[in-house]
Amino acid sequence: MEIDFTNSAEEIIRNLFKDLERATVDRKHPFRFCYLATTEIDQFPAQRTVVLRRVLPKQELLIFTDYRSPKIQEIKQQNQVSLLFYHPRLQQQIRFQATAKIHHQDSLCLTEWNKLSDHGKNDYQTILPPGTDLSYYQESPSHDSSFGSDFFSILSLKPRNIDLLQLGRGGHIRMVGEFENGEWTGRRVMP
Ligand SMILES: Cc1cc2nc3c(=O)[nH]c(=O)nc-3n(C[C@H](O)[C@H](O)[C@H](O)COP(=O)(O)O)c2cc1C
């Protein structure tokens, strides 16, 4: 959705979260995919494409992942992450800094697991953990549904701040905002 910068920062951000929510149900929405940055164990930054699966009413963003994937260890070590969205047609960029929480074998995981199709579940039931060196394996990697939801995990990301950039022919517009004491405040800054 086009951003109406005459609105208050709080309203702009509220509308943005509605847009993100839409992206979780609209497979063609550009905000369906986003880029999650973590800090590797050796302190290098690491980014990867992920699917935005759910936006909770308390504005937490949910990503599904394999509990054995390196990003889990990275987040255990450093739970401050960054999440980037880009909408090419609208030329909108959203950048969040967020605090990540790992869910594994809890009620949130169970609820989301039960909503996944069998095909969707396969991604979290591979016999070999993500990143395994395949040089020594002859057979193609397969999955085992008897793992159930053992390796299914959810990252819930709670944004701490936002950096919103809207490119435009008539001039670019940028707004930054902070989430503190349960509410967003924001201000325009130089793009
Ligand atoms: C379009 C696309 C969507 C992806 N979605 C996810 C996802 O939702 N969750 C996930 O863990 N990995 C997803 N991946 C794979 C990750 O980008 C990454 O390769 C994988 O999670 C391993 O990351 P790590 O080694 O940093 O933990 C996706 C990749 C692509 C290309």
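Here are the numbers for the structure shown:
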| read-out | value |
| --- | --- |
| The stretch 1-48: Cα Rg divided by the 2.2 N^0.38 Å rule of thumb | 1.56 |
| Neighbour-count order for 1, 190, fewest beta carbons within 10 angstrom listed first | 190, 1 |
| Semi-axis lengths, Å, the stretch 116-191, gyration tensor of Cα atoms, sqrt of 5 times eigenvalues | 44, 18, 12 |
| Per-peptide average of other Cβ atoms within 10 Å, ordering 48-59, 178-189 highest first | 48-59, 178-189 |
| Sequence ranges 154-163, 38-47, ranked by mean other-Cβ count within 10 angstrom, highest first | 154-163, 38-47 |
| Kirkwood Rh, angstrom, the stretch 137-177 [1 / mean 1/r, Cα pairs] | 15.5 |
| 3J(HN,Hα) from dihedral phi, the stretch 69-79, Karplus parametrisation 6.51/-1.76/1.60, rounded to Hz, x for glycine, proline | 6, x, 4, 5, 5, 5, 6, 4, 7, 9, 8 |
| Cross-link partners of residue 158 among lysines (Cα-Cα below 24 Å; sequence separation of 8 or more within a chain) | 18, 58, 71, 76, 101, 115 |
| Gyration tensor (Cα) of the chain, equivalent ellipsoid semi-axes in angstrom | 33, 17, 16 |
| Size descriptor, Kirkwood hydrodynamic radius, that averages inverse alpha-carbon separations across the stretch 1-95, Å | 14.5 |
| MRE, 222 nm, helices only [DSSP H, n ≥ 4, -39500 (n - 2.57), over the chain, to nearest 500] | -5500 deg cm²/dmol |
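Since every read-out is calculated from the coordinates, none of them should be taken as a lab result. Quick caveat, the model's predicted, so the values are computed rather than measured. Ideal geometry is used to build each Cβ from the backbone, glycine not excepted, and the neighbour counts take in all protein chains shown.
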